Amino acid sequence: MSFQINGKVALVTGGAGGIGRCIVEALLENGIKGVVIADINEEQGTKVVSELSQKFNPTQILYQKTDVTVVESFEDAFKAAIQQFQHIDILFNNAGIVNENEWEKCVQVNLIGVINGMILATEKYLKDQKLGEEAVIVNTSSIASVTPELLIPTYNATKSAINAITRTYAESYYYNSTKIKVVAICPGVTETSIVNLAGVVRPGPDDSAERTLDGYPLQSPKFLADQVMKVVEKAPTGTIWIIEDTKPAYQYIYNDRKMSQYKV
Ligand SMILES: NC(=O)C1=CN([C@@H]2O[C@H](COP(=O)(O)OP(=O)(O)OC[C@H]3O[C@@H](n4cnc5c(N)ncnc54)[C@H](O)[C@@H]3O)[C@@H](O)[C@H]2O)C=CC1
Ligand SMILES: CC/C=C\C[C@H](O)/C=C/C=C\C=C\C=C\C(=O)[C@@H](O)C/C=C\CCC(=O)O
(Lines give C-alpha, C1' and ligand atoms only; values in the text may rest on other atoms or scores of the structure.)
(Ligands and ions follow the chains in the order given, each with its own letter.)
Protein backbone atom coordinates (compact mmCIF):
# COMPACT_ATOMS: atom_id res chain seq x y z
CA MET A 1 0.00 0.00 0.00
CA SER A 2 1.45 3.36 -0.92
CA PHE A 3 1.43 6.38 1.40
CA GLN A 4 0.06 9.67 0.04
CA ILE A 5 2.06 12.83 0.83
CA ASN A 6 -0.66 14.99 -0.68
CA GLY A 7 -2.79 16.67 2.03
CA LYS A 8 -0.61 15.52 4.92
CA VAL A 9 1.42 17.47 7.51
CA ALA A 10 5.16 16.98 8.13
CA LEU A 11 7.75 18.02 10.70
CA VAL A 12 11.36 18.23 9.49
CA THR A 13 14.14 18.51 12.08
CA GLY A 14 17.19 20.28 10.72
CA GLY A 15 14.79 21.64 8.09
CA ALA A 16 16.75 24.87 7.74
CA GLY A 17 19.91 23.05 6.58
CA GLY A 18 21.00 21.59 3.26
CA ILE A 19 19.17 18.24 3.09
CA GLY A 20 16.29 19.23 5.40
CA ARG A 21 15.51 22.34 3.42
CA CYS A 22 15.38 20.35 0.17
CA ILE A 23 13.07 17.81 1.85
CA VAL A 24 10.78 20.69 2.90
CA GLU A 25 10.73 22.01 -0.67
CA ALA A 26 10.10 18.55 -2.16
CA LEU A 27 7.20 18.03 0.27
CA LEU A 28 5.64 21.32 -0.85
CA GLU A 29 6.07 20.29 -4.50
CA ASN A 30 4.34 16.98 -3.68
CA GLY A 31 1.21 18.59 -2.22
CA ILE A 32 1.92 18.61 1.51
CA LYS A 33 -0.73 20.61 3.38
CA GLY A 34 1.68 22.01 5.96
CA VAL A 35 5.29 21.64 7.04
CA VAL A 36 7.07 22.60 10.25
CA ILE A 37 10.76 23.45 9.97
CA ALA A 38 12.12 22.45 13.40
CA ASP A 39 15.68 23.73 13.55
CA ILE A 40 17.97 25.23 16.18
CA ASN A 41 19.23 27.92 13.78
CA GLU A 42 16.62 30.68 13.99
CA GLU A 43 18.26 33.02 11.51
CA GLN A 44 18.51 30.32 8.87
CA GLY A 45 15.01 28.99 9.65
CA THR A 46 13.42 32.41 9.19
CA LYS A 47 15.37 32.93 5.97
CA VAL A 48 14.24 29.59 4.54
CA VAL A 49 10.58 30.39 5.33
CA SER A 50 10.88 33.73 3.60
CA GLU A 51 12.57 32.21 0.52
CA LEU A 52 10.08 29.34 0.20
CA SER A 53 7.19 31.78 0.68
CA GLN A 54 8.12 33.36 -2.68
CA LYS A 55 7.32 30.08 -4.38
CA PHE A 56 4.68 28.42 -2.18
CA ASN A 57 1.72 29.48 -0.05
CA PRO A 58 3.28 31.00 3.11
CA THR A 59 0.48 29.62 5.32
CA GLN A 60 1.77 26.12 4.58
CA ILE A 61 5.23 26.75 6.07
CA LEU A 62 6.01 27.25 9.76
CA TYR A 63 9.39 27.72 11.43
CA GLN A 64 9.64 26.55 15.05
CA LYS A 65 12.92 27.08 16.88
CA THR A 66 13.76 23.58 18.13
CA ASP A 67 16.62 21.85 19.87
CA VAL A 68 16.08 18.13 19.27
CA THR A 69 18.30 17.28 22.24
CA VAL A 70 15.78 18.90 24.63
CA VAL A 71 12.59 16.87 24.75
CA GLU A 72 10.38 19.82 25.79
CA SER A 73 11.67 21.86 22.86
CA PHE A 74 11.08 18.98 20.43
CA GLU A 75 7.57 18.46 21.85
CA ASP A 76 6.78 22.15 21.30
CA ALA A 77 7.42 21.59 17.57
CA PHE A 78 4.79 18.81 17.50
CA LYS A 79 2.37 21.04 19.42
CA ALA A 80 2.97 23.86 16.93
CA ALA A 81 2.21 21.49 14.04
CA ILE A 82 -1.10 20.42 15.56
CA GLN A 83 -2.06 23.99 16.46
CA GLN A 84 -1.34 25.32 12.97
CA PHE A 85 -2.33 22.36 10.78
CA GLN A 86 -4.61 20.19 13.03
CA HIS A 87 -2.77 16.88 12.42
CA ILE A 88 0.73 15.44 12.03
CA ASP A 89 1.55 12.58 9.66
CA ILE A 90 5.25 12.50 8.78
CA LEU A 91 8.32 13.03 10.97
CA PHE A 92 11.73 13.51 9.39
CA ASN A 93 14.33 12.91 12.11
CA ASN A 94 16.95 14.67 10.02
CA ALA A 95 19.01 17.04 12.24
CA GLY A 96 22.58 15.82 12.57
CA ILE A 97 26.15 16.99 12.97
CA VAL A 98 29.70 15.71 12.55
CA ASN A 99 31.95 16.56 15.49
CA GLU A 100 34.55 14.07 16.69
CA ASN A 101 36.19 16.64 18.97
CA GLU A 102 32.94 17.34 20.82
CA TRP A 103 31.76 13.76 20.43
CA GLU A 104 29.21 13.95 23.27
CA LYS A 105 27.45 16.69 21.29
CA CYS A 106 27.45 14.45 18.21
CA VAL A 107 25.77 11.70 20.26
CA GLN A 108 23.31 14.20 21.74
CA VAL A 109 22.12 15.56 18.41
CA ASN A 110 22.38 12.50 16.18
CA LEU A 111 21.21 9.84 18.60
CA ILE A 112 19.43 11.36 21.63
CA GLY A 113 17.69 13.78 19.25
CA VAL A 114 16.39 10.89 17.14
CA ILE A 115 15.35 8.89 20.23
CA ASN A 116 13.41 11.93 21.48
CA GLY A 117 11.64 12.11 18.12
CA MET A 118 10.87 8.38 18.06
CA ILE A 119 9.34 8.41 21.54
CA LEU A 120 7.28 11.58 20.97
CA ALA A 121 6.01 10.28 17.62
CA THR A 122 5.30 6.64 18.48
CA GLU A 123 3.86 7.16 21.95
CA LYS A 124 1.84 10.28 21.25
CA TYR A 125 1.88 12.58 18.27
CA LEU A 126 2.01 10.47 15.08
CA LYS A 127 0.27 7.62 16.86
CA ASP A 128 -2.71 9.70 17.95
CA GLN A 129 -2.81 12.75 15.67
CA LYS A 130 -2.45 11.37 12.15
CA LEU A 131 -5.03 12.10 9.48
CA GLY A 132 -5.13 8.81 7.58
CA GLU A 133 -4.65 5.19 8.49
CA GLU A 134 -0.87 5.34 8.51
CA ALA A 135 1.87 7.82 9.48
CA VAL A 136 5.55 7.75 8.48
CA ILE A 137 8.88 8.38 10.20
CA VAL A 138 11.99 8.87 8.06
CA ASN A 139 15.26 8.77 9.97
CA THR A 140 18.29 10.30 8.27
CA SER A 141 21.11 7.82 8.71
CA SER A 142 24.18 7.71 6.41
CA ILE A 143 26.30 5.39 4.32
CA ALA A 144 28.60 5.74 7.34
CA SER A 145 26.09 3.57 9.27
CA VAL A 146 27.14 0.50 7.29
CA THR A 147 30.72 1.40 6.28
CA PRO A 148 33.30 2.39 8.94
CA GLU A 149 34.49 5.76 7.67
CA LEU A 150 37.91 6.14 9.24
CA LEU A 151 38.08 9.48 11.02
CA ILE A 152 34.47 9.76 12.17
CA PRO A 153 33.95 6.82 14.58
CA THR A 154 31.39 8.49 16.84
CA TYR A 155 29.39 9.71 13.85
CA ASN A 156 29.45 6.18 12.37
CA ALA A 157 28.20 4.78 15.70
CA THR A 158 25.30 7.23 15.93
CA LYS A 159 24.19 6.40 12.40
CA SER A 160 24.41 2.62 12.97
CA ALA A 161 22.26 3.14 16.05
CA ILE A 162 19.70 5.00 13.93
CA ASN A 163 19.37 1.95 11.68
CA ALA A 164 18.83 -0.21 14.78
CA ILE A 165 16.13 2.02 16.23
CA THR A 166 14.43 2.24 12.84
CA ARG A 167 14.26 -1.54 12.50
CA THR A 168 13.04 -1.97 16.08
CA TYR A 169 10.13 0.48 15.90
CA ALA A 170 9.12 -1.08 12.57
CA GLU A 171 8.45 -4.43 14.24
CA SER A 172 4.79 -5.47 14.34
CA TYR A 173 4.94 -5.28 18.15
CA TYR A 174 5.02 -1.48 17.72
CA TYR A 175 3.37 -1.12 14.30
CA ASN A 176 0.16 -2.93 15.32
CA SER A 177 -0.57 -0.22 17.86
CA THR A 178 1.09 2.82 16.23
CA LYS A 179 0.33 2.30 12.52
CA ILE A 180 3.54 4.21 11.82
CA LYS A 181 5.81 3.09 8.99
CA VAL A 182 9.45 3.63 10.03
CA VAL A 183 12.26 3.80 7.46
CA ALA A 184 15.81 5.17 7.26
CA ILE A 185 17.70 6.82 4.44
CA CYS A 186 21.47 6.51 4.09
CA PRO A 187 22.74 9.37 1.96
CA GLY A 188 26.17 9.30 0.43
CA VAL A 189 28.21 12.48 0.46
CA THR A 190 25.80 15.30 -0.36
CA GLU A 191 26.62 18.92 -1.09
CA THR A 192 25.79 20.69 2.21
CA SER A 193 27.74 22.50 4.91
CA ILE A 194 28.30 19.23 6.84
CA VAL A 195 30.95 18.07 4.35
CA ASN A 196 33.22 20.91 5.47
CA LEU A 197 35.10 18.86 8.05
CA ALA A 198 37.73 21.38 9.09
CA GLY A 199 38.11 21.25 12.87
CA VAL A 200 35.61 18.46 13.49
CA VAL A 201 37.74 15.33 13.07
CA ARG A 202 40.51 14.15 15.39
CA PRO A 203 43.97 13.17 14.24
CA GLY A 204 44.13 9.43 13.59
CA PRO A 205 46.94 7.15 14.86
CA ASP A 206 48.93 8.02 11.73
CA ASP A 207 48.53 9.87 8.45
CA SER A 208 47.48 6.89 6.37
CA ALA A 209 43.74 7.74 6.49
CA GLU A 210 42.55 9.72 3.53
CA ARG A 211 42.04 13.25 4.84
CA THR A 212 39.79 14.55 2.14
CA LEU A 213 36.41 13.60 0.74
CA ASP A 214 37.81 13.92 -2.79
CA GLY A 215 37.31 10.24 -3.61
CA TYR A 216 33.61 10.34 -2.75
CA PRO A 217 31.01 11.07 -5.42
CA LEU A 218 29.07 14.22 -4.50
CA GLN A 219 25.33 14.47 -5.09
CA SER A 220 22.95 17.41 -4.78
CA PRO A 221 20.52 17.64 -1.85
CA LYS A 222 17.73 18.27 -4.37
CA PHE A 223 18.36 14.92 -6.07
CA LEU A 224 18.43 13.26 -2.65
CA ALA A 225 15.16 14.88 -1.53
CA ASP A 226 13.34 13.75 -4.68
CA GLN A 227 14.43 10.17 -3.97
CA VAL A 228 13.30 10.54 -0.36
CA MET A 229 9.77 11.38 -1.54
CA LYS A 230 9.67 8.01 -3.33
CA VAL A 231 10.88 6.26 -0.17
CA VAL A 232 8.14 7.99 1.88
CA GLU A 233 5.46 6.85 -0.54
CA LYS A 234 6.63 3.34 -1.45
CA ALA A 235 9.13 1.84 1.02
CA PRO A 236 7.92 -0.91 3.36
CA THR A 237 8.35 -0.37 7.09
CA GLY A 238 11.72 -1.30 8.57
CA THR A 239 13.66 -0.78 5.36
CA ILE A 240 16.95 1.11 5.01
CA TRP A 241 17.67 2.98 1.77
CA ILE A 242 21.07 3.94 0.35
CA ILE A 243 20.97 7.09 -1.79
CA GLU A 244 24.42 7.80 -3.16
CA ASP A 245 26.19 9.09 -6.24
CA THR A 246 23.03 10.48 -7.89
CA LYS A 247 21.65 6.97 -8.34
CA PRO A 248 18.10 5.81 -7.53
CA ALA A 249 17.54 4.73 -3.92
CA TYR A 250 18.24 1.05 -3.29
CA GLN A 251 17.52 -1.09 -0.24
CA TYR A 252 20.33 -2.11 2.12
CA ILE A 253 19.71 -5.67 3.31
CA TYR A 254 20.92 -6.87 6.72
CA ASN A 255 21.97 -10.51 6.99
CA ASP A 256 20.11 -12.84 9.33
CA ARG A 257 22.73 -13.72 11.99
CA LYS A 258 21.34 -17.26 12.22
CA MET A 259 22.37 -17.82 8.59
CA SER A 260 26.03 -17.04 9.36
CA GLN A 261 28.30 -20.09 9.00
CA TYR A 262 31.59 -18.66 10.25
CA LYS A 263 33.14 -20.34 13.29
CA VAL A 264 36.11 -19.34 15.43
N1 LIG B 1 25.58 16.01 3.66
C2 LIG B 1 25.98 14.74 3.67
O3 LIG B 1 26.91 14.33 2.98
C4 LIG B 1 25.23 13.76 4.49
C5 LIG B 1 24.43 14.11 5.55
N6 LIG B 1 23.80 13.16 6.27
C7 LIG B 1 22.91 13.51 7.36
O8 LIG B 1 21.89 14.38 6.86
C9 LIG B 1 21.37 15.16 7.92
C10 LIG B 1 21.29 16.59 7.48
O11 LIG B 1 22.60 17.08 7.29
P12 LIG B 1 22.99 18.20 6.22
O13 LIG B 1 21.78 18.82 5.66
O14 LIG B 1 24.00 17.62 5.36
O15 LIG B 1 23.73 19.21 7.19
P16 LIG B 1 23.48 20.74 7.49
O17 LIG B 1 24.53 21.12 8.47
O18 LIG B 1 23.36 21.51 6.24
O19 LIG B 1 22.04 20.75 8.21
C20 LIG B 1 21.85 20.28 9.50
C21 LIG B 1 20.76 21.11 10.16
O22 LIG B 1 20.52 20.58 11.45
C23 LIG B 1 20.34 21.67 12.34
N24 LIG B 1 20.63 21.25 13.71
C25 LIG B 1 21.85 20.98 14.25
N26 LIG B 1 21.69 20.70 15.56
C27 LIG B 1 20.37 20.75 15.83
C28 LIG B 1 19.60 20.56 17.01
N29 LIG B 1 20.17 20.25 18.19
N30 LIG B 1 18.26 20.69 16.93
C31 LIG B 1 17.67 21.02 15.75
N32 LIG B 1 18.35 21.25 14.62
C33 LIG B 1 19.69 21.11 14.66
C34 LIG B 1 21.31 22.73 11.84
O35 LIG B 1 20.95 24.02 12.31
C36 LIG B 1 21.16 22.58 10.34
O37 LIG B 1 20.18 23.44 9.82
C38 LIG B 1 22.27 14.87 9.11
O39 LIG B 1 21.65 13.94 9.95
C40 LIG B 1 23.52 14.27 8.50
O41 LIG B 1 24.20 13.45 9.39
C42 LIG B 1 23.93 11.84 5.99
C43 LIG B 1 24.73 11.43 4.97
C44 LIG B 1 25.42 12.35 4.13
C1 LIG C 1 32.41 13.00 6.71
C2 LIG C 1 31.12 13.63 6.88
C3 LIG C 1 30.45 13.93 5.62
C4 LIG C 1 29.24 13.59 5.40
C5 LIG C 1 28.54 12.80 6.37
C6 LIG C 1 27.86 11.69 5.76
O7 LIG C 1 27.05 10.98 6.58
C8 LIG C 1 28.64 10.87 4.83
C9 LIG C 1 29.75 10.28 5.10
C10 LIG C 1 30.43 9.56 4.08
C11 LIG C 1 31.70 9.43 4.01
C12 LIG C 1 32.55 9.96 5.00
C13 LIG C 1 33.85 9.89 4.85
C14 LIG C 1 34.70 10.31 5.88
C15 LIG C 1 36.02 10.26 5.74
C16 LIG C 1 36.86 10.62 6.81
O17 LIG C 1 36.45 10.86 7.91
C18 LIG C 1 38.29 10.77 6.59
O19 LIG C 1 38.74 10.18 5.46
C20 LIG C 1 38.69 12.22 6.73
C21 LIG C 1 38.00 13.16 5.86
C22 LIG C 1 38.21 14.45 5.90
C23 LIG C 1 39.13 15.11 6.85
C24 LIG C 1 39.29 16.54 6.56
C25 LIG C 1 40.18 17.21 7.55
O26 LIG C 1 40.87 16.56 8.32
O27 LIG C 1 40.19 18.44 7.57
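Some points to look at:
Table: residues versus (1) open to solvent by 50 Å² or more (accessible area, probe 1.4 Å); (2) within 13 Å of ligand 1 (Cβ to nearest atom); (3) closer than 21 Å to Ala184 by Cβ; (4) not hydrophobic (A, V, I, L, M, F, W, C).
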residue: Ile97; (1), (2), (3), (4): no, yes, yes, no
residue: Asn101; (1), (2), (3), (4): yes, no, no, yes
residue: Lys105; (1), (2), (3), (4): yes, yes, no, yes
residue: Met118; (1), (2), (3), (4): no, no, yes, no
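- The residue of region 1-46 that is surrounded by the fewest Cβ atoms within 10 Å (Cβ to Cβ), among those that are assigned to a loop (DSSP other than H, G, I, E, B) and free of Cβ contacts under 8 Å to residues at least 60 places away in the same chain, is Asn6.
- Counted residues, region 215-252 - those being under 19 Å from Pro148 (Cβ atoms) and out of contact with any strand residue (DSSP E or B) (no Cβ under 8 Å at 6 or more places or on another chain): 3
- Glu210 vs. criteria open to solvent by 50 Å² or more (accessible area, probe 1.4 Å), of a type in the set (Asp, Glu) and near ligand 2 (Cβ under 9 Å from one of its atoms): yes
- Count of region 213-230 residues which are touching a helix residue (DSSP H, G or I) at 6+ places or on another chain (Cβ under 7 Å) and open to solvent by 80 Å² or more (accessible area, probe 1.4 Å): 1
- Entry remark, region 132-174: residues being of a type in the set (Val, Ile, Thr), more than 16 Å from ligand 1 (Cβ to nearest atom) and buried (at least 22 other Cβ atoms within 10 Å of the Cβ) number 1 in total.
The values are calculated or read from the model by the stated rules, or taken from the named source; none is laboratory data. As the structure is a computational prediction, the values presented were derived from the model and not from experiment. Quick reminder, even Gly has a Cβ in these numbers, built from the backbone with ideal geometry, and neighbours come from all protein chains shown. The protein model used for the area step is the full one, side chains on, heavy atoms only, and it has no ligands, DNA or RNA in it. Shrake-Rupley method; radii C 1.70, N 1.55, O 1.52, S 1.80 Å.
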